[in-house]
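A.B. asks: My questions all concern the structure below.
The values are calculated or read from the model by the stated rules, or taken from the named source; none is laboratory data. Everything numeric in this text was worked out from a predicted model, so none of it was measured. For neighbour counting, all protein chains shown are included, and Cβ atoms are generated from backbone atoms with ideal geometry for every residue, glycine included. The accessibility values were calculated without ligands, DNA or RNA, using every heavy atom of the protein model including side chains. Shrake-Rupley method; radii C 1.70, N 1.55, O 1.52, S 1.80 Å.
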Amino acid sequence: MKKLLTLAALLTTVHASFAQPAKPSYAYFEGMNLSMGVAQNSTEATSASTTTKGNTSLGVAKVNYTFALAYPAKLGVSATFDMKNSKLSAQEYLAVSGPTEVSIEPGILLISNSLLYGKVGTYASRYEAGGNPTRNLSGMSYGVGLKHYVYGQNFIQAEWTQRKADGNSGLEGVKFKQGAAALYVGFNF
């Protein structure tokens, strides 16, 4: 009988040591998360005399780490990757160049499972046109988003971003601007 009681006590202790506390809903957003989705990029190149516009549907991926601040604030750091080049015209593209954006995303909890955030960061791509040499572009990005947890650690996310390239591309007088609307599905680790 003593062995049976010892075994039962040992099993209860082992079971309790492996148990994890339930994550409170306000902590859903904290830590590493990965999301993938679709986006619609509207790209515009403006020179002194002409404006060229193009729309592209593409896949996107986002890696984010969110820190807890004083309740109800959160602070995220993200890298966003476009999975396809954005088309300007039949011969002109803004090509994928590593992470398309790296951004800081301060946010506030609206309810326990919804986060409204702003974002500001850097933007990078590469201009390619027919047989002309490629030009690296860099600039800034800003936008807003909403992340909503739907079940456990799974979430959906909607985001609007405006990207502008600086005038350092070597293309005199040409300004690049891109608007992106994205919808993601993701998982928090």
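A.B. asks: Could you please put 111, 156 in sequence from largest to smallest accessible area, using a 1.4 Å probe?
C.D. replies: Per-residue accessible area, sorted high to low, gives 111, 156.
A.B. asks: Percent of accessible area on region 23-181 owned by carbon and sulfur, 1.4 Å probe? Could the numbers behind the result be given before it?
C.D. replies: Working: 4730 of 7800 Å².
The C+S portion of the solvent-accessible surface of region 23-181 is 61 percent.
A.B. asks: Something else: Distance in nm between label sites at residue 114 and residue 40, each 7 Å beyond Cα in the beta-carbon direction?
C.D. replies: If labels sit at residue 114 and residue 40, their model points lie 2.2 nm apart.
A.B. asks: With a Förster radius of 30 Å, plug the Cβ-Cβ distance of residue 134 and residue 156 into 1/(1 + (r/R0)^6) and report the FRET value to the nearest 0.05.
C.D. replies: Calculated transfer efficiency: 0.25.
A.B. asks: Show which aspartates and glutamates lie in cross-link reach of residue 147 when reach means a straight Cα distance below 17 angstrom and same-chain residues fewer than eight apart are skipped.
C.D. replies: Result set, ordered by chain and number: 30, 105, 159.
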